[in-house]
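The structure under discussion appears below in the form of structure tokens.
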Amino acid sequence: MTLIFNRRQVLAYSAAAAAVLSGTIKPAAAANDSAELIKKFTGGKTPQQGRVKLDLPEIAENGNTVPMTVVVESPMTEQSYVSDVMVVADGNPNGGVVTFHFSPASGVAEANTRIRLATSQDIIAVAKMNDGSFFMASKPVKVTIGGCGG
Amino acid sequence: MAVPRIKLDRKEAKKGELVEVKALVSHVMESGQRKDSAGKTIPRKILNKFTCTVNGKAVFSADFEPAVAANPYIQFKFKAQESGKVELTWTDDDGSKIVGEETITVT
């Protein structure tokens, strides 16, 4: 069976196809939600640079599993401790990576996990102190083979 | 359900010392981004929450997003306060839990 379209159908289909295409391409071309996530986490405050140390390989051969260590300088006492650390990646389909929750019982604000990176991008860690201040660090990572099933 | 592999860097610690916990659990951590051979999106299925308690008191927790690698590995430290049970819990998207435990002796 051959399909024969008249002009009206062709226009309708191509319009639909264009809508689908623009719908799928746009989110990838624009930055992901990492900036909004940080804004939500800090409540609009701008985090200061420093105190946070983000350790990642400069070049990750396999984006499916990239070791990442976050260390935040803090005495970790009842008076002064790190409560939360959020890690975001600005080149993944979703910005959020992981959020660590610490308490004075942690003794030290340090955690390590393995993450997925879709492409070469910046990783940003934002730490929230118990006094309401925020500190951040970022690190670019080059990815040779992307993760996230890309 | 998968059995997590948990390792404490010491079984006995002096009060106030830091104990390092390393834990690995096998899980697909399906991101919800991948498509199967028929082009259908494979639904997201990840462990979204991890908590560690010592004698029921929370010492560390984490929220995982799909960007955490498959078979999630986590390493952190806590301050030894009292002897007892170190319990690690992972919560799946479907609500099921993976639980593992170790004991620590504090002198």
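The values are calculated or read from the model by the stated rules, or taken from the named source; none is laboratory data. For clarity, every value in this text was computed on a predicted model and none was experimentally measured. All Cβ positions, glycine included, derive from the backbone under ideal geometry; neighbour counts span all protein chains shown. For the accessible areas, the whole protein counts, side chains as well, though only heavy atoms, and no ligand, DNA or RNA atoms are used. Shrake-Rupley method; radii C 1.70, N 1.55, O 1.52, S 1.80 Å.
Remark: B:L18 matches the filter, which requires a residue to be surrounded by fewer than 18 Cβ atoms within 10 Å (Cβ to Cβ) and at pLDDT 90 or above.
Only a single item in (1) within 10 Å of the chain's Cα centre (by Cα); (2) over 25 Å from A:T65 (Cα atoms); (3) aliphatic (A, V, I, L, M) is not met by B:A80, and it is number (1).
Which one of B:V28, B:V3 is more than 13 Å from chain A (Cβ to nearest Cβ) and either of a type in the set (G, A, S) or under 18 Å from the mean Cα position of the chain (by Cα) (or both)?
The unique qualifying residue is B:V3.
Within region A:86-108, the residues that satisfy the criterion of being more than 7 Å from every other protein chain (Cβ to nearest Cβ) and in a strand (DSSP E or B) are A:M86, A:V87, A:V88.
Restricting attention to region A:66-74, does a residue exist that is open to solvent by 60 Å² or more (accessible area, probe 1.4 Å) and either at pLDDT 90 or above or more than 21 Å from A:N130 (Cα to Cα) (or both)?
Within region A:66-74, one or more residues are open to solvent by 60 Å² or more (accessible area, probe 1.4 Å) and either at pLDDT 90 or above or more than 21 Å from A:N130 (Cα to Cα) (or both).
Each residue in region B:63-83 was checked for being in a loop (DSSP other than H, G, I, E, B) and within 13 Å of another protein chain (Cβ to nearest Cβ), and 10 pass.
A quick yes/no check of all residues on (1) open to solvent by less than 70 Å² (accessible area, probe 1.4 Å); (2) closer than 19 Å to A:V82 by Cβ; (3) assigned to a loop (DSSP other than H, G, I, E, B):
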| site | (1), (2), (3) |
| --- | --- |
| B:H27 | yes, no, yes |
| B:A38 | no, no, yes |
| B:P43 | no, no, yes |
| B:N48 | yes, no, no |
| B:C52 | yes, yes, no |
| B:A58 | no, yes, no |
| B:S61 | yes, yes, no |
| B:K85 | no, no, no |
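Quick one: in region A:53-69, which of the residues that are under 14 Å from the mean Cα position of the chain (by Cα) and part of a strand (DSSP E or B) is farthest from B:A70 (Cα to Cα)? Looking at the filtered set, the residue picked out is A:L54. The set of residues from region B:69-83 being open to solvent by less than 10 Å² (accessible area, probe 1.4 Å) and either of a type in the set (K, R) or under 13 Å from B:E20 (Cβ atoms) (or both) comprises B:I74, B:F76, B:F78, B:A80.
I'm trying to understand the selection: among the residues of region B:87-107, which are β-branched (V, I, T), within 10 Å of the chain's Cα centre (by Cα) and surrounded by 15 or more Cβ atoms within 10 Å (Cβ to Cβ)? Answer for region B:87-107, where residues must be β-branched (V, I, T), within 10 Å of the chain's Cα centre (by Cα) and surrounded by 15 or more Cβ atoms within 10 Å (Cβ to Cβ): B:T89, B:T91, B:I98.
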